[in-house]
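One structure is given below, encoded as structure tokens.
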Amino acid sequence: LLVDQESSIVAGMGVLKTGGFYVPLAPSHPRARNNYILTETEAALILTDRNHLALATELAQTNYQIINIDELDPGLSTENLGLPISPDAFAYIAYTSGSTGEPKGVVNTHCRVIHGIGHDKRFKLGPADRFTNVGSSESNAFYALLSGAGSFPWYVKEEGLAHLADWLVQEEITVYRSGPRVFREFVSTLTGKEEFPKL
């Protein structure tokens, strides 16, 4: 997937419904990293949008098919395909930062995603919640969606932290999650006068 953050969850779910699995690519990452991921995962195609079509074309060259989700026929059926998908089938592969060498792919199966959510009750999410994961972890979207909550990702590398407080209020976020380092950096941007009535 090489799409805007607003489209990433929908595009990922679309891939899963076809029985495939996806690997998120970040436009902010060096081209060499994205090329490495595409090669190592033996990707069949790049799913992209109009904002990333040029980069997708550059990465694809003649090796990968490109599907631009902004050019899909709106008349296509939205019905589930009814495909039997094994619990052991891949759902997505998340890559490490690669700070100690080559990035390493962590495979997440459908079973692992569901199992992790079933055993992680700390969020206590429900349909009235608006959940954000401040970072880039794909798995956290599933926490929200499979609980009936809304998922509102915030990608630090693309968005930074300067406007996060305003966004949390504007989007009426009820549950915030991030790693400790990101949280400390976010708190350092606050003046102490902010109010988060829904959080």
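The values are calculated or read from the model by the stated rules, or taken from the named source; none is laboratory data. Nothing here was measured: the structure is a model prediction, and the numbers come from that model. Note: ideal-geometry Cβ built from the backbone for every residue, glycine included; neighbour counts use all protein chains shown. Surface areas here come from the heavy atoms of the whole protein model, side chains and all, with no ligands, DNA or RNA. Shrake-Rupley method; radii C 1.70, N 1.55, O 1.52, S 1.80 Å.
If I fit a long axis through the Cα atoms of helix 31-41 and take the longest principal axis of the Cα atoms of the chain, what angle between them do I get, 0 to 90°, rounded to 10?
60 degrees
Compute the length gained on full extension between Ala44 and Ser28: take 0.36 nm times their separation in residues and subtract their Cα-Cα distance, giving the result in nm to one decimal. Walk me through the intermediate numbers first.
Working: separation 16, 0.36 × 16 = 5.76 nm, distance 2.18 nm.
Result: 3.6 nm gained on full extension.
Out of the DSSP beta bridges found with both residues in the chain, what percent are antiparallel (nearest 5)? Each step should come with its number before you reach the end.
On the way: 5 of 18 bridges.
Close to 30 percent.
When you count, for each residue, the other Cβ atoms within 10 Å and take the mean per peptide, how do 70-76, 168-174 rank with the highest first? All intermediate terms of the calculation are to be shown ahead of the outcome.
Working: 70-76: 7.6, 168-174: 16.1.
Those peptides, ordered most packed to least, come out 168-174, 70-76.
Please list, in chain and number order, the residues 5+ apart from Ile46 or on another chain whose amide H is under 5 Å from its amide H, with Hs placed from the backbone.
Those lying under 5 Å, H to H, from Ile46 are Gln65, Ile66, Ile67.
So I have (i) 53, 37, 37; (ii) 146, 34, 21; (iii) 45, 42, 38, and one of them is Cα extents along the principal axes in Å calculated from this model. Which one is it?
(i)
Determine the shape class of the range 1-90: with a ≥ b ≥ c the square roots of the Cα gyration tensor eigenvalues, call it rounded for a/c under 1.5, and otherwise prolate if a/b is greater than b/c, oblate otherwise.
Working: a/c = 1.97, a/b = 1.33, b/c = 1.48.
Verdict is oblate for the range 1-90.
With a probe of 1.4 Å, find how much accessible area the chain has per residue, and write the answer as a whole number in Å². Working shown, then result.
Numbers: 11930 Å² over 199 residues.
That works out to 60 Å² for each residue.
Sorted by packing (mean other beta-carbon atoms within 10 Å per residue), highest first, where do 144-150, 154-160 land?
Numbers: 144-150: 17.3, 154-160: 15.0.
Highest-to-lowest ranking by the protection proxy: 144-150, 154-160.
Evaluate E = 1/(1 + (r/R0)^6) for Glu185 and Leu145, where r is the Cβ-Cβ distance and R0 equals 30 Å; express this FRET efficiency to the nearest 0.05. Provide the component values of the computation, followed by the final result.
Numbers: r = 27 Å, r/R0 = 0.90.
According to the calculation, E is roughly 0.65.
Can you compute the modelled spin-label distance between Leu83 and Val107, with each label point 7 Å from Cα toward Cβ, in nm?
Calculated label separation equals 1.7 nm.
So what is the 222 nm mean residue ellipticity for the chain from helices alone, if each DSSP H run of at least 4 adds -39500 (n - 2.57) and you divide by all residues, rounding to the nearest 500 deg cm²/dmol?
Details: 8 runs with 68 residues, N = 199.
Value at 222 nm, helices only: -9500 deg cm²/dmol.
Determine the distance separating the Cα centre of the range 47-116 from the Cα centre of the range 8-23; give it in Å without decimals.
Rounded to whole Å, the Cα centres lie 6 Å apart.
So, R0 is 30 Å and r is the distance between the beta-carbons of Asp166 and Lys124; what FRET efficiency does that work out to, to 0.05?
Once the sixth-power term is evaluated, E becomes 0.70.
Of His163, His110, which has the most accessible area with a 1.4 Å probe, and how do the rest follow in descending order? Intermediate values should be presented prior to the final figure.
Numbers: His163 120, His110 45 Å².
Largest accessible area first, the list is His163, His110.
What is the percent carbon and sulfur in the accessible area of the chain, measuring with a 1.4 Å probe over the protein chains and ignoring ligands? Write out the running numbers ahead of the final one.
Details: 6540 of 11930 Å².
The value for the chain is 55 percent carbon and sulfur by accessible area.
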